Amino acid sequence: MQKFLCQNYLAILKSELVVALGCTEPIAIAYAAAKARRLLGTMPERCTVHCSGNIVKNVMGVTVPNSGGLRGIDVSAILGIVGGDPDRGLAVLEGVTDADRKQTRALLAQDFCTCELIQNVATLYIVAEVWGGGHSALVEIQNTHENITRMEKDGENVLPKREISEEELRQKGDRSLLTVRDILEFANTVPIAEVEPILTPQIEYNMAICEEGLKHPYGAEVGRILLDSFNTPTVTLQARAWAAAGSDARMSGCPLPVVINSGSGNQGITVSVPVIVYAQRMELPREKLLRALVAANLISIHQKRYIGSLSAYCGVVSAACGAACGICYLLDYPYTVLRDTITNTIATVGGMVCDGAKSSCAAKIATALETALLAVKMSLHNRVFQPGEGLVDQDVEDTIYNIGRMGREGMKATDNEILNIMLGN
């Protein structure tokens, strides 16, 4: 593989597979609020949070980590202000204490924070404004969860606009260069020492939260219910149950960190845990697991490139598809099987909608994985949906693009209507 492509794919993995604590949308609000407090230089007297519809949708039904079971935009912002450490990025709430939670509850009762929906902005958009001591501060985040695009103190810009250097672009990676064939070549040839430090946290953190979800009754207990009646569950069922259990715990505020994919912890769990479960159950070498995770993660990221970070398209579909491809890689299936697995998966369950982060995400993960693993079996029997059947095209790259276009453009009206229903409009 050409060296520049190898370095590009490594950069994508490094920039995407980062540690986050809890659902990334409330965490992004907490991060913006914590940065705003630091910029203000004192404890604020009040705050306002402006959010895009997709942020509102993904915060309404999910428990904020380390909050003591609380939910909401105001909870996320206040907890970030009171106990957040912005230097920790998406683990901003990791150091929250009992005293911080007590102060947060007191401020909630005082209407310390107001929340406003803002229209005609990026799908991922947050502004945290704080006032105190006769001063004000503002922090704006757009497009990705840590991407600060504006910082103001007393109305004066303190984050000068600057051009992104070529080196910074290289560090993030060019996702337009991703293809399924090149991803597999990269997975086959990348020096294992280059990817092991990136993937080891994904294995350790994501399996730990799934184990926590199976041990304790979080959320709707989808993972525990899947395993309830089986003394010796199949590897397929085990893979679905473990991944669902991780979401059960995470959506219910479990404070354990996860390694995300495409900006999402649920997607990070879905794309990795089934591959890990298969590798462990089959006692495969660690190097084989690491290379399979390379393939799984990048195939999921490749699909999300067209869809965008937030939309009405449920991202666990892309992640489940990536996981199925990782399992194909583990089992040494040829390119044709992996290619057809992608087509069969996204042509079947690509219409699953995202109606926010909440406990039902675990069931969607289990469903998407069931479809993706069925897609593998179909492919092994030389059965694949044909060009002209719905959004299926001649080439798998074109099919991925078609599904992505549907999710990004075609489902905009769906996204708006979901939000209107959730807000009671």
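The values are calculated or read from the model by the stated rules, or taken from the named source; none is laboratory data. Small disclaimer: the values here were computed from a predicted structure and weren't measured. With ideal geometry, Cβ positions are generated from the backbone for all residues, glycine too; neighbour counts draw on all protein chains shown.
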Got a number for residues in segment 346-382 being within 26 Å of residue 221 (Cβ to Cβ), of a type in the set (A, V, I, L, M, F, W, C) and surrounded by fewer than 21 Cβ atoms within 10 Å (Cβ to Cβ)?
4
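Can you go through 264, 247, 300 and tell me which one is surrounded by 22 or more Cβ atoms within 10 Å (Cβ to Cβ), of a type in the set (S, T, N, Q) and under 17 Å from residue 328 (Cα atoms)? Before the answer, list the steps.
Values: 264 fails: under 17 Å from residue 328 (Cα atoms); 247 fails: under 17 Å from residue 328 (Cα atoms).
Going through 264, 247, 300 in turn, just one is surrounded by 22 or more Cβ atoms within 10 Å (Cβ to Cβ), of a type in the set (S, T, N, Q) and under 17 Å from residue 328 (Cα atoms): 300.
Does residue 64 satisfy the condition of being among the β-branched types (Val, Ile, Thr), modelled with pLDDT of 95 or more and within 26 Å of residue 421 (Cβ to Cβ)?
On the way: among the β-branched types (Val, Ile, Thr): yes; modelled with pLDDT of 95 or more: no; within 26 Å of residue 421 (Cβ to Cβ): yes.
Spelling it out, it is not the case that residue 64 is among the β-branched types (Val, Ile, Thr), modelled with pLDDT of 95 or more and within 26 Å of residue 421 (Cβ to Cβ).
Just checking, does segment 325-334 include any residue being surrounded by fewer than 23 Cβ atoms within 10 Å (Cβ to Cβ), under 16 Å from residue 396 (Cα atoms) and among the aromatic types (Phe, Trp, Tyr)?
no
Quick check on residue 343: is it touching a residue at least 24 places away in the same chain (Cβ under 8 Å), buried (at least 19 other Cβ atoms within 10 Å of the Cβ) and over 28 Å from residue 245 (Cβ atoms)? Outline the logic, then answer.
Values: touching a residue at least 24 places away in the same chain (Cβ under 8 Å): yes; buried (at least 19 other Cβ atoms within 10 Å of the Cβ): yes; over 28 Å from residue 245 (Cβ atoms): yes.
Yes; evaluated as a whole, the condition is true for this residue.
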Subset of segment 322-361 (residues that are among the aliphatic types (A, V, I, L, M), under 30 Å from residue 26 (Cβ atoms) and in a helix (DSSP H, G or I))
323, 324, 346, 349
Go through the residues of segment 74-87 one by one and say whether even a single one is without any contact (Cβ under 8 Å) to a residue 60 or more places away in the chain and in a loop (DSSP other than H, G, I, E, B).
yes
Does residue 199 fit the bill of being within 21 Å of residue 290 (Cα to Cα) and either modelled with pLDDT of 95 or more or part of a helix (DSSP H, G or I) (or both)?
yes
Failed condition for residue 351, given (1) farther than 15 Å from residue 320 by Cα; (2) at pLDDT below 95; (3) not hydroxyl-bearing (Ser, Thr, Tyr), with all others met?
(1)
Do we find that residue 407 is touching a residue at least 12 places away in the same chain (Cβ under 8 Å), surrounded by 14 or more Cβ atoms within 10 Å (Cβ to Cβ) and on the phi > 0 side of the Ramachandran plot in this structure?
no
Looking at segment 44-62, which of its residues are hydrophobic (A, V, I, L, M, F, W, C) and closer than 24 Å to residue 137 by Cα?
47, 49, 51, 55, 56, 59
Where a residue in segment 207-234 is farther than 18 Å from residue 274 by Cα and its partner, wherever it lies, is surrounded by 15 or more Cβ atoms within 10 Å (Cβ to Cβ), with Cβ under 6 Å and at least six apart
218/248; 218/249; 218/252; 219/248; 219/251; 219/252; 219/359; 220/359
Residue in segment 180-195 that is free of Cβ contacts under 8 Å to residues at least 12 places away in the same chain and assigned to a loop (DSSP other than H, G, I, E, B) present:
yes
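Quickly run through segment 245-266 and pick out the residues that are in a helix (DSSP H, G or I) and more than 14 Å from the chain's Cα centre (by Cα). Quick ask: steps written out before the conclusion?
Narrowing segment 245-266 to residues in a helix (DSSP H, G or I): 245-251, 265-266.
Result: 245, 248, 249.
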Condition first: out of contact with any Lys or Arg (no Cβ under 6 Å at 6 or more places or on another chain) and assigned to a helix (DSSP H, G or I). Can you find one or more residues in segment 123-135 that meet it?
no
Name the residue that is farthest from the chain's Cα centre (by Cα), counting only residues in segment 51-93 that are over 17 Å from residue 37 (Cβ atoms) and of a type in the set (D, E, K, R).
71
Out of 239, 243, sole residue that is in contact with a Cys (Cβ under 7 Å, 6 or more places away or on another chain), under 16 Å from residue 267 (Cα atoms) and assigned by TED's automatic domain parsing to the domain that holds residue 273:
243
Hits in segment 66-121 (condition: among the hydroxyl-bearing types (Ser, Thr, Tyr) and surrounded by fewer than 17 Cβ atoms within 10 Å (Cβ to Cβ))
97, 114
Scanning segment 210-244 for residues that are under 11 Å from residue 362 (Cα atoms) and in a loop (DSSP other than H, G, I, E, B) gives 218, 219, 220, 221
